[in-house]
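**Student:** This structure is in structure tokens; I'll ask about it shortly.
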Amino acid sequence: MSNFFIYGANGYTGELITRYAVERGMKPILAGRNAIAVEELAKKHHLEYRVFSLDEKDRLEAALQEADMVLHCAGPFSLTSRPMVEACLRNKKHYTDITGEIAVVEAMAARDDKAKEAGIMIMPGVGFDVVPSDCLALHLKDRLPSATHLSLAFYGMGRISHGTQATMTMNIGKGGAIRKNGKITHVPAAWKTREIDFGEGIVKTGVTIPWGDVATAFHSTGIPNIEVFTVVPPSALKMMKASRYLGWLLATKPAQDFLQKKIPPGGPTDAERARGKTLLWGEASDLNGNRVESRLQAPEGYTLTVLTALNITEKILSGNFTPGFQTPAKAFGPDLVLEIDGTSLLDVQ
Ligand SMILES: NC(=O)c1ccc[n+]([C@@H]2O[C@H](COP(=O)([O-])OP(=O)(O)OC[C@H]3O[C@@H](n4cnc5c(N)ncnc54)[C@H](OP(=O)(O)O)[C@@H]3O)[C@@H](O)[C@H]2O)c1
């Protein structure tokens with residue numbers, strides 16, 4: 001037996017992963033809590049399906065007997081990852097997800113010993129967040145083994161999905177985060193900005209965000225100081241700064257209910273994904289003034305998420321895994337992302 005579950009298969013990203021998986025000849029078992037949507041999707045692709053919510057423990061356990069691993073696509077993962085990873089540990093099944101949430105990654109890292117005992121791999125962040133940036137981080141560390149500081153940045157040229165907006169909205173009042181002296185450290189929202197040269201004449205103002213690499217890049221590289229930047233429109237930058245003062249209000253339940261309901265369903269269309277691309281940049285430096293800089297180009301974020309998640313799934317199902325908590329680059333090396341068509345890496349300095 002060599003198969004996997006896609007839980008949250010009827011979400012925007014789950015559905016996209018399902019479609020691409022079928023095109024690759026894979027036959028995942030689809031799962032989720034929405035019976036009508038999961039059944040409809042499964043029938044469309046002639047796949048098996050199971051319907052259960054994450055608090056239906058018996059049905060979750062029974063479902064896990066039927067596969068070797070889970071590709072968890074139901075987010076926000078701070079609300080969904082715990083029952084799934086616990087069930088994977090109990091049933092000795094590999095766990096992967098597409099989270100980019102720092103707290104979720106750290107909660108997974110804390111299960112390292114249990115995963116080793118169970119002989120399974122736990123790998124959060126097998127999508128756009130964090131595969132390309134994790135590979136870039138380890139590439140930079142390999143170029144400068146004495147690195148003490150790491151800065152990463154990405155510029156996503158494309159639209160974001162319902163679930164991504166829902167996750168961002170949920171975290172709106174929580175401010176920012178960086179890694180300082182090895183510890184995840186809270187900083188104000190939009191704490192720092194800097195000009196970033198993404199190449200091809202594209203120079204943009206990056207702003208710090210609490211991105212998954214603040215957690216993962218430390219596990220991959222051991223570099224103790226990490227900041228992650230992204231590019232946002234000037235109006236969004238103002239909003240981020242305003243959230244330092246209004247964040248508490250936006251985090252209240254009535255405000256969250258209101259904001260969450262306003263998020264449109266779905267995500268970028270096929271045509272939008274085809275037009276989009278992602279530019280990444282990274283810099284590592286040490287205390288002696290040595291500095292290296294590299295750039296990475298990759299497909300649009302959701303396309304990349306699908307391709308990296310399925311690439312990693314194929315590896316795990318073929319027996320290529322390391323028990324314990326793993327990051328993508330740590331388990332599969334810094335060239336992992338270069339296995340994806342349309343991806344290229346350039347050392348600048
Ligand atoms: N790492 C990356 O680069 C990356 C890329 C893409 C997406 N993501 C993340 O992946 C998540 C999904 O994004 P999306 O745009 O695909 O979202 P979406 O279209 O809103 O779909 C969310 C899916 O999760 C399910 N779900 C949500 N809460 C659940 C719960 N408590 N129990 C069971 N199922 C639950 C939904 O089921 P129902 O239909 O029943 O509500 C749906 O199937 C988000 O957290 C997003 O940030 C990350």
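The values are calculated or read from the model by the stated rules, or taken from the named source; none is laboratory data. This one's a predicted model, so the numbers in the text were calculated from it and none came from an experiment. So basically every Cβ, Gly included, is an ideal-geometry build from the backbone, and we count neighbours across all protein chains shown. Calculation scope for accessible area: heavy atoms of the full protein, side chains included, ligands and nucleic acids excluded. Shrake-Rupley method; radii C 1.70, N 1.55, O 1.52, S 1.80 Å.
**Student:** For segment 192-218, give me each residue that is open to solvent by 40 Å² or more (accessible area, probe 1.4 Å) and away from the ligand (no atom under 16 Å from the Cβ).
**Tutor:** Those that are open to solvent by 40 Å² or more (accessible area, probe 1.4 Å) and away from the ligand (no atom under 16 Å from the Cβ): K192, T193, R194, E195, D197, E200, G201, V203, K204, T205, F218.
**Student:** Could you list all residues from segment 201-233 that are free of Cβ contacts under 8 Å to residues at least 12 places away in the same chain and of a type outside the set (A, V, I, L, M, F, W, C)?
**Tutor:** Within segment 201-233, G201, P233 qualify.
**Student:** Continuing with the same structure: State the number of residues belonging to segment 11-40 that are surrounded by 21 or more Cβ atoms within 10 Å (Cβ to Cβ) and farther than 17 Å from T96 by Cα.
**Tutor:** Residues in segment 11-40 being surrounded by 21 or more Cβ atoms within 10 Å (Cβ to Cβ) and farther than 17 Å from T96 by Cα: 1 in total.
**Student:** Could you tell me which numbered condition P76 fails, if it satisfies all but one of (1) in contact with a Ser or Thr (Cβ under 9 Å, 6 or more places away or on another chain); (2) surrounded by 23 or more Cβ atoms within 10 Å (Cβ to Cβ); (3) closer than 22 Å to D213 by Cβ?
**Tutor:** (2)
**Student:** I would also like to ask the following. May I ask you to list pairs of residues, at least six apart or on different chains, whose Cβ atoms are under 8 Å apart, with the first in segment 102-118 being closer than 22 Å to T208 by Cβ and the second being open to solvent by 40 Å² or more (accessible area, probe 1.4 Å) and of a type in the set (S, T, Y)?
**Tutor:** A103/S78; V104/S78
**Student:** Tell me, which residue of segment 257-310 that is over 25 Å from D134 (Cα atoms) and away from the ligand (no atom under 16 Å from the Cβ) is modelled with the highest pLDDT?
**Tutor:** The extreme case among them is A271.
**Student:** Any residue in segment 160-171 that is in contact (Cβ under 8 Å) with a residue 40 or more places away in the chain and assigned to a helix (DSSP H, G or I) sitting within a Cβ distance under 8 Å of a residue that is polar (S, T, N, Q) and surrounded by fewer than 20 Cβ atoms within 10 Å (Cβ to Cβ)? List the pairs, counting only those 6 or more apart or interchain.
**Tutor:** A166/Q260; T169/Q256; T169/Q260; M170/S78; M170/Q256; M170/Q260
**Student:** Separate question: Where in segment 245-349 are the helices (runs of 4 or more DSSP H), entirely inside, with at least 3 residues that are open to solvent by 60 Å² or more (accessible area, probe 1.4 Å)?
**Tutor:** Qualifying helices (runs of 4 or more DSSP H): 253-262, 270-275.
**Student:** Applying the selection to segment 124-143, what residues are farther than 17 Å from I17 by Cα and touching a strand residue (DSSP E or B) at 6+ places or on another chain (Cβ under 8 Å)?
**Tutor:** P132, S133, C135, L136, A137, H139, L140, K141, R143
**Student:** Could you grab me the full set of residues in segment 124-141 that are within 12 Å of the ligand (Cβ to nearest atom) and touching a Ser or Thr at 6+ places or on another chain (Cβ under 6 Å)?
**Tutor:** Result: P124, G125, V126, G127, F128, V130, V131, D134.
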